[in-house]
Amino acid sequence: MAEATEKAVCELLADSLVAHGVSHLYGLVGDANLFMVDAYIRAGKGRYVACNHEASSVLAAIGYAQVSGNIGVATVTHGPALTNIITPLVEGVKGCIPLVVLVGDTPPHDLEHLQTVDQRELIKATGAGFVEMRNPGTAMEDLARAFRLAAVERKPVVFNMRVDLMWEKAPAEKPPVRQAVSIRAVAPEGEMFDEALGMIASAKRPLVLAGRGAIEPEAKAAILDLARRLEAPVATTLKASGLFHGEPFNLGVFGTLSNPVGADTIMQSDVIIAFGASLSWLTTVSGAYIKGKRIVQIVGDMQENARRTEPGLVFVGDPALTARRIIEVLDEAEIPGSQATDENLRKRLEAQAEEFATLPTLPETTSGTVDLLATLRHLETAVPKDRVLVTDLGRFIHTTWKVFTTTEPHNFVYSAHYASIGLGMGEAIGAAIAGSDRTTLLVAGDGGFMMGGLTELSTAIRENLDLIIIVCNDGSYGAEHIQFLRKSMDPTTSLLFTPDFAAVARSMGATGIQIRDNSEVPVAIEAIKHRQGPVLIELVLDPYKIDS
Ligand SMILES: Cc1ncc(C[n+]2csc(CCOP(=O)(O)OP(=O)(O)O)c2C)c(N)n1
């Protein structure tokens, strides 16, 4: 009788994942997690996506979390499987990505177990949270704590499950789901806020900036209302790209990637009101974009990690409530608009947009290679505008971000929080699954794709993802190649021996097109337009002729 109401820990954990609404579990199975994964699959309430490398399973969960806005969930076994996920965990920590990663652990009584390693110490060094499954009776409660911690602290949390506990029995109770407590900041008030209001009210050329911490619909609406009330142009950080897509006075990205009219307008502004943006050196262009300006920075919580060193006012406040409060005060005091969004700015932005829309001709370049910028511009015409963009890291990245703009922040997946190459493909898999109603585009270099891309090409093909992969193959580690050239040294050490990526893709069952000549660009465009499943486009580039 008692046995009928008991279940094995591996089954209880699977029930718990279902209760937490885990619709996708990314992983690679081993001794410690295979029965839990099996039970999850058999429950039939979610999809298990097997990856070829543990790192990719955590990366896929990161890509999934960035696009869906939900907690990403992955599972790996113990020892070497755990050491394989260290880089993705650091990436998740630095990117404030909420994840739960269920990892196995070896039995403590088996001192000779080959896969034993001090897992807690390893995880601690990454900055991720660590929740130990204490015993069979607390397994579900412990997992609920891991989910709550990931949501509240917006970070990866490792849930450590000893293999010897997996078939232990415990009462089959309803899995507890600890709701993340609703934490909402309020609008700031007091003397310091009055000072900020004074700055804003007296601004001649105000500018409203939004970062990833201010992308939710309520915040977006309030920030846009404030910008209209102030007659101020809007801009976003790179990670909030697309938030103001379609707005007439949208300057685009504020930072190293600013367009010419945007950069000029930023330099002319006198007060910047920044919501949910940490103002990193990439956003401020090492301080140049905020120098001599008055700054009011509103961050949602201290995890926003305000990095700015220039003098200014920083508030912890809810972005939507704070923007609404500023509007109220401006209205009460009958402060007139600044007229910064005038006809002149509108015309300059329109002229710039027209210029950007004009396709360049494909220039002649070294025989057997094509031009990066022009070729990407042509390929862009075939990729749906509401694409999800994932980039690996390399010298192609700035050109890629400028050419493949996105229409909303959840369509922009950033894989370079830790500045690691090779993370793009894993993240693209989770991104394509979360964004399965639209197309995902991955752009990678040959080095990054050799490291993390080829490994998971078969996963993308098996899952039949709507994924376009562009490999920018300059036959080198570009960032290193350029360093040798700058010192007039032989760059051979930075050269890469790569296969014909398009042929490899075809041999695995995807569409693969190699572009070595301008005449092949239309072939690639047709392949993108008529794709069914993953398509890989390889651009052969001259490593000596790439602007980064
Ligand atoms: C894991 C890791 N290893 C090494 C580096 C150093 N690194 C930075 S960029 C780069 C070259 C990337 O080459 P590729 O992917 O071909 O892109 P490219 O720059 O050539 O366009 C390397 C090796 C790194 N950032 N991360």
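The values are calculated or read from the model by the stated rules, or taken from the named source; none is laboratory data. Remember, predicted model here, so these are calculated numbers, not experimental data. Ideal geometry is used to build each Cβ from the backbone, glycine not excepted, and the neighbour counts take in all protein chains shown. The accessibility values were calculated without ligands, DNA or RNA, using every heavy atom of the protein model including side chains. Shrake-Rupley method; radii C 1.70, N 1.55, O 1.52, S 1.80 Å.
General observations
- Residues being in contact with a strand residue (DSSP E or B) (Cβ under 7 Å, 6 or more places away or on another chain) and either over 20 Å from M425 (Cα atoms) or free of Cβ contacts under 8 Å to residues at least 60 places away in the same chain (or both) - total across region 48-80: 8
- Note on region 368-401: among residues that are more than 21 Å from the chain's Cα centre (by Cα) and open to solvent by 30 Å² or more (accessible area, probe 1.4 Å), the one that is farthest from the ligand (Cβ to nearest atom) is T381.
- Identity of the residue in region 415-449, near the ligand (Cβ under 8 Å from one of its atoms) and not in a loop (DSSP other than H, G, I, E, B), that ends up nearest to V383 (Cα to Cα): A444
- When V285 is tested against (1) of a type in the set (A, V, I, L, M); (2) touching a residue at least 60 places away in the same chain (Cβ under 8 Å); (3) open to solvent by 30 Å² or more (accessible area, probe 1.4 Å); (4) more than 16 Å from the ligand (Cβ to nearest atom), just one condition goes unmet, and that condition is (2).
- Selected residue (criterion: least open to solvent (accessible area, probe 1.4 Å)) from residues of region 54-113 that are within 23 Å of A460 (Cα to Cα) and acidic (D, E): E91
- Filtered residues of region 138-160 (kept if without any contact (Cβ under 8 Å) to a residue 40 or more places away in the chain and touching an Asp or Glu at 6+ places or on another chain (Cβ under 9 Å)): D142
- Test for A419: is it open to solvent by 60 Å² or more (accessible area, probe 1.4 Å) and touching a residue at least 12 places away in the same chain (Cβ under 8 Å): yes
- Every test in (1) more than 24 Å from A416 (Cα to Cα); (2) at pLDDT 95 or above is passed by E355 save one, and that test is (2).
- Residue within region 465-479 that is within 12 Å of the ligand (Cβ to nearest atom) and in a helix (DSSP H, G or I) present: yes
- Scanning region 498-548 for residues that are touching a residue at least 40 places away in the same chain (Cβ under 8 Å) and among the small types (G, A, S) returns A505, G509, A510, A524, G533, S548.
- Top-ranked residue of region 450-462 - restricted to ones that are more than 13 Å from E538 (Cβ to Cβ) and touching a helix residue (DSSP H, G or I) at 6+ places or on another chain (Cβ under 7 Å), ranked as nearest to the ligand (Cβ to nearest atom): G452
- Every residue from region 496-548 that is of a type outside the set (V, I, T), farther than 27 Å from R462 by Cα, within 14 Å of the ligand (Cβ to nearest atom) and surrounded by 16 or more Cβ atoms within 10 Å (Cβ to Cβ): L496, L541, D542, P543
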